[in-house]
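The values are calculated or read from the model by the stated rules, or taken from the named source; none is laboratory data. From a predicted model like this one, the values you see are computed outputs, not experimental measurements. For neighbour counting, all protein chains shown are included, and Cβ atoms are generated from backbone atoms with ideal geometry for every residue, glycine included. In case anyone asks, the SASA skips ligands and DNA or RNA and just uses the protein heavy atoms, side chains included. Shrake-Rupley method; radii C 1.70, N 1.55, O 1.52, S 1.80 Å.
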Amino acid sequence: MSILETRNLTKEFPGVRALSDFSFTLEKGEIHGLVGENGAGKSTLVKILAGVYTPTSGSFLLGGREMRFRSPRDAAERVGVVHQERELIPHFSGWENLFLGMEFSSLGFLRKRRMREEALRFVEKYSMNIDLDLPASELGSGRQEMLAILKVLFRDPEVVIFDEPTAPLSVKECESLFALIRDLKAKGLPILYISHHLSEVLHLADRITVLRNGRKVSTVHAKDADEQTLIRLMIERDMESQYPKRSVSAGEELFTMERASSRKGRVRDVSMHVRRGEIVGFAGLVGAGRTELAKAVFCGSRFEEGRMTLAGKPFSSRGPGESIRKGIAMIPENRREEGVVADMTVGENLVLPLLKQLASLGFLRSRQCDLHANSVVDKLAIKISGLSQEARTLSGGNQQKVSVGKWFGTPSDLWIFDEPTQGIDVDAKREVYTIMGDLAERGAGVWFISSDLRELLAIADRIYVMKDFRIAGEFLPPFDDEEILGSMMGEGLRNVAG
Amino acid sequence: MSQGKFQMQKMLTRYGTILALIVLCAGFSFAVPGFLAGENGMNILRQIALLAVISEGFTMCLIVGELDLAFPHIASLSGALVAGLIFGGMAPLPAVLLSLATGLLFGFFSGLLVTKIGIPSLITTLATGIIAGGMVYMYTRGVSFYGQMPPSFLALGRGMVGPVPSLIFIMFVVVAVAQVFISKTRTGKYMQATGANQAASRLAGINTDRCKILALSLSGLAAAFTGILLTSRLGSANPEGASGFMMDAFASALLGMTVLSVGRANPFGTFIGALMIGVINNGMTLAGAPYYTQDIVKGLIILLSVTMTSLQAKRMAGN
């Protein structure tokens, strides 16, 4: 009997179709796995089911009746979501968190004793060892996760969605989580389980649905599938034309890093290098330390050990200013916050790193500024109504071009692109690849961080895989995607088979 | 061993400020004989009564994660209004109620702007505060109101409740009500949750907008009440009467954030903060220190307490 059913669910954002025509069913007492790469549409689906987004078209049925949630609150009693970031109030006790938003009170005064007793009775059912009187912040990570789950279950939902629940957990904590999930299944609760860890999903789920590019690729029975099948379904290649690849022969060493470790453990024993004319890809799961490594170099973190060279000379930096002067450009992940100054105009953004050259005696020479800005706009084909258009009003793709274009005119040799294609449309992505190719052709080195494995496979000349702030592997073409994925997940394909 | 050390640390963070207060009192008692004797003790409590009441209102704002810069001006406005109405012939009770309503309305209006329009509270209350400040001058034409006031009104600020001066009595009632409201009622819990994690609170079905409007309204109400008490105590009203409360109220609430729980505003803590401010002011005056040194000492003590809080928070984040 299907408890939850979606029919042609579609969600569009300006310029992006995050989910198209998604239909599936969730049966009573079923654990249903949902897998796909970043941006495949998993979180969009969760947000629709949780009442955060309203679908552009399509519908979903719960217990046979069509649902239209107006707000997350509306949804919370029907569809319980265990979010990646736990929704707890740190200084509230365990039972206060359980009751958040549904407290017992009389005449406005909290019935603390009754609530506490009720909470204890409820938790007993799950035979879990949690001290409900401690503030949530004093519980360990695993207990916090359990508390967040209990908080969801306490609302007695008809369906429970787990969104990457094991990310912060140790192996042992994972096992008790899986036991709990199986327990829920035995009670007949349907469960949607989302995870990057394919082995986990295969181990737990009855059926698995694979998403790619916002579409359902297929739903398979877990007992008929293995990791290879799933991976193949997740990253099926499409049109070569989407990935214009310039062939440039690599030149001399541009940047090298030897056994570097940073003080705060955000870089651990990393050795890597980038040559001129090369596009070096950095693959890894979210939180593997790719952005941290790039920022450590660009922002001049203190390194405890290790040596770096840039263009043959020893390299060290005390901050972005010095790194820029020495020839590093960084296009950060958070385009809106760090890539452009959203409230300033396109013209102002494009000359920001060059103000020193474009001023005399401290006064800006506005004609030179505009001249330079216009040349960049032409070179990158940025679509704007004029230089005075505010950066915030641009589309994602054009904003990204401004974020790249502001480095034109600086002495940059090493270009760090952190997730440059995230949230921009297909055409803009192609243009970003072209820009990277052009830079490589002109003798620059490109350091390309991406969570979209397909684009890395297509665009990069060499790929480093990072895991736990270390380099977990280095791969040369022809790339073997399964091997790279395996390396991303690590031997850490957590040992759950037992 | 390490367990004991941990407990010690926990005690210090919870009660460190209270300990500092005791040390401070001991120090002043040593320098000024009779510092804590009955009469001066009462003096200190009376001196901080108004500060404590107005600071409790501000504390409500901090609890929901907002700021209020308008409260001193609202206090001045209500203080002048109540005097003007009484001199104009109105009976004390309706005059007081009308002045309270004015303060409440100011806070409510700020709350609407903050939640429904989305203007940051810092800016909203800066503006509403300036408006209230302008209105006092419009109402008073810039002069103080003097005259004969009915004894029933003057009793509010000058009378006694049994052996206790009425101001001290009122202060204790306000502090107790605020503390019970925040820790024992559903609405108080919601206000705490709103300040701690707005997104999670909203997802849990809490009306966070309502909590914020309530907090700003209560701040306006507490400010108006303080203004009225001030007028009653002085028997006159001055258009700038309450402007001096701004810094001391901030200081009390910030010091209060180091009491009982680290980094969270709470009504009882704010009372301890106000007490600390009172002890410093009174003690240094009696010890013959020039008044400007009091400000320097207060500033340093605030920095010290906030430093402790920040270090503690950092260490907790590190764990």
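Within the range B:125-183, report the chymotrypsin sites (Phe, Trp or Tyr not before Pro) that DSSP leaves as loop and that have at most 13 other Cβ atoms within 10 Å.
Loop-located and lightly packed - B:TYR146.
Among the trypsin sites (Lys or Arg not before Pro) within the range A:280-309, which fall in a DSSP loop and have no more than 13 other Cβ atoms within 10 Å of their own Cβ? Passing both the DSSP loop test and the Cβ count: A:ARG302. Only the Cβ atoms of Lys and Arg (+1) and of Asp and Glu (-1) were treated as charged; on that basis the dipole of the range A:241-489 about its Cα centre amounts to roughly 840 debye.
When a 1.4 Å probe is rolled over the protein heavy atoms, the share of accessible surface on the range A:241-489 that falls to carbon and sulfur comes to 49 percent. On a per residue basis, the convex hull of the C-alpha atoms belonging to the range A:149-299 measures out at 187 Å³.
About its Cα centre, the range A:378-498 has a charge dipole of approximately 440 debye under the convention of +1 per Lys or Arg Cβ and -1 per Asp or Glu Cβ, with nothing else charged. For the range B:44-170, the gyration tensor built on C-alpha atoms gives an oblate shape. Its axis ratio a/c (a ≥ b ≥ c) is at least 1.5, and a/b is not larger than b/c.
Near A:VAL81, the amide H atoms lying under 5 Å from its own belong to A:ILE161; only residues 5 or more places off or on other chains count, and H is placed 1.01 Å from N.
Of the listed residues A:LYS383, A:LYS216, the order by accessible area with a 1.4 Å probe, largest first, is A:LYS383, A:LYS216.
About its Cα centre, the dipole of the protein assembly as shown is roughly 1680 debye, where the only charges are +1 on Lys and Arg Cβ and -1 on Asp and Glu Cβ.
Interface of B with A. Using a 1.4 Å probe and counting protein heavy atoms only, the two chains hide about 1800 Å² of accessible surface, both sides summed. Would you mind estimating how fast the protein assembly as shown diffuses translationally, via Stokes-Einstein at 37 °C and 0.692 mPa s with the Kirkwood radius over Cα pairs, in µm²/s? Translational D for this selection: 106 µm²/s. Taking every protein chain into account, the accessible area of the range B:203-246 amounts to 30 square angstrom per residue (probe 1.4 Å). Couplings 3J(HN,Hα) for the range A:444-461, derived from phi with the Karplus relation 6.51 cos²θ - 1.76 cosθ + 1.60 (θ = phi - 60°), are 7, x, 10, 10, 10, 8, 8, 9, 9, 4, 4, 5, 5, 4, 7, 9, 7, 8 Hz, where x marks Gly and Pro.
Looking at the protein assembly as shown, send over the antiparallel percent of its DSSP beta bridges, to the nearest 5. Walk me through the numbers on the way to the answer.
Working: 50 of 84 bridges.
If I count the DSSP bridges inside the protein assembly as shown, around 60 percent turn out antiparallel.
The DSSP beta bridges internal to the range A:327-471 are antiparallel in roughly 35% of cases.
Each of A:PHE104, A:LEU139, A:SER43 was placed along the dipole of the range A:1-149 (beta-carbon charges, centred on the mean Cα), and the one lying farthest toward the positive end is A:PHE104.
Test of the criteria: in the range B:237-319, which chymotrypsin sites (Phe, Trp or Tyr not before Pro) are in a DSSP loop and have at most 14 other Cβ atoms within 10 angstrom of their Cβ? Answer in residue order: no site qualifies.
Computed over the range B:36-243, relative contact order equals 44 percent, with contacts defined as Cα pairs under 8 Å that lie 6+ residues apart.
Within chain A, which is the longest segment that contains none of the GluC sites (Glu not before Pro) sitting in a DSSP loop with at most 13 other Cβ atoms within 10 Å? With a cap of 13 other Cβ atoms within 10 Å, the longest stretch comes to A:253-490.
Counting only DSSP beta bridges whose two residues both lie in the range A:2-235, roughly 60 percent are antiparallel. Protein-only accessible surface at a 1.4 angstrom probe places the residues B:CYS61, B:CYS25 in the order B:CYS25, B:CYS61, largest first. Counted over all Cα-Cα pairs of chain B, pairs farther apart than 27 Å make up 46 percent.
Pairs of Cα atoms nearer than 8 Å and 6+ residues apart set the relative contact order; for chain A it is 16 percent.
Global size of the range A:306-354: 13.6, 41 Å for Rg and Dmax (C-alpha atoms, Rg to one decimal, Dmax whole). Based on C-alpha pairs under 8 angstrom that are at least 6 apart in sequence, the range A:241-489 has a relative contact order of 30 percent. Amide H contacts under 5 Å for A:CYS299: none, restricted to partners 5 or more places along the chain or on a different chain, H placed in the peptide plane at 1.01 Å from N.
When chain B is treated as a GNM with alpha-carbon contacts under 10 Å, the residue of B:ARG233, B:ARG141, B:ARG210 showing the greatest mean-square fluctuation is B:ARG141. When the P(r) of the range A:241-489 is calculated, the portion above 23 Å amounts to 49% of the C-alpha pairs.
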